[in-house]
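Down below is the structure, laid out as structure tokens.
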Amino acid sequence: MDFVGSPALARQQINGWVEDQTRQRIRDLIPPGGVSRDTRLVLVNALYLKAPWLEEFPAHATEPRPFHLPGGTAVDVPTLSSTHTYGFAQRPGYRVVTVPYAAGGLQFVIVLPDAQDGLPAVEKGLTASDLAAFAGVGRSRVELYLPRLKLEPPALKLGESLRTLGMKTAFDHPQGTADFGRMARRKPNDYLFISEVFQFIVTTKYYLRLCSQFTASRTCVSM
């Protein structure tokens, strides 16, 4: 693969390989400009999850119900429904519901703002300890309506977030500190470091398909 002579072609080849390996479910993992003449190595991995619910949603109960979009517009979408005992908690400004999967210890966590336009404020206020606590909320009888959906957001750039969390030397911050000498010989002015991390959640591409029997998701990461 010729990163120096044909970085655009190298990007196409990598994305083509990812698309083939994921049966066309993850496309364009590395965005334009993600590979340059300075690129020397690209690491790619993929994770696939297909998890059945502990209690399936009744298929006959799926019917069109209003789903509220940003701005207040409502559209009818196929909606799963079930009245069952789930993890449930009321917090200031939002509610939490956890739906267990058949595999022990794995659950789908739903955070629902009280206000239709309240999601940005809820997201801004959530902390890592809040998210960890959601796994252990008490159980209550809940009448749950969940839209059947498929999400394919664009690739996320994680480099800045990882540096903020403290992963700096791998990105050569400060300059000259990265050391991947066990992967490739390190020279004073010629050495490997991570320039960017892309995540597709089809995932950061992240793929999520929610239906009455199971959840399917795929995550692919490149750096």
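Points to keep in mind about this one:
- Set side by side, the residues Thr39, Thr79, Thr85 differ, and just one is assigned to a strand (DSSP E or B), among the polar types (S, T, N, Q) and buried (at least 16 other Cβ atoms within 10 Å of the Cβ), which is Thr79.
- Condition check for Val122: β-branched (Val, Ile, Thr), assigned to a loop (DSSP other than H, G, I, E, B) and surrounded by 13 or more Cβ atoms within 10 Å (Cβ to Cβ): no
- Residue within the stretch 43-59 that is over 30 Å from Lys124 (Cβ atoms) and in contact with a helix residue (DSSP H, G or I) (Cβ under 8 Å, 6 or more places away or on another chain) present: yes
- Single residue of Leu131, Leu156, Leu162, Leu106 found to be surrounded by 12 or more Cβ atoms within 10 Å (Cβ to Cβ) and closer than 27 Å to Ala59 by Cα: Leu106
- Residue match in the stretch 102-109 (condition: within 30 Å of Asp28 (Cβ to Cβ) and assigned to a strand (DSSP E or B)): yes
- Residue list for the stretch 42-68, filter: part of a loop (DSSP other than H, G, I, E, B) and surrounded by fewer than 11 Cβ atoms within 10 Å (Cβ to Cβ): Leu43
None of the figures in this text is laboratory data; all of them are computed from the coordinates on show. Just so you know, these numbers come straight off a predicted model, no measurement behind them. Cβ coordinates were reconstructed from backbone atoms using ideal geometry, including for glycine residues, and neighbour counts include every protein chain displayed.
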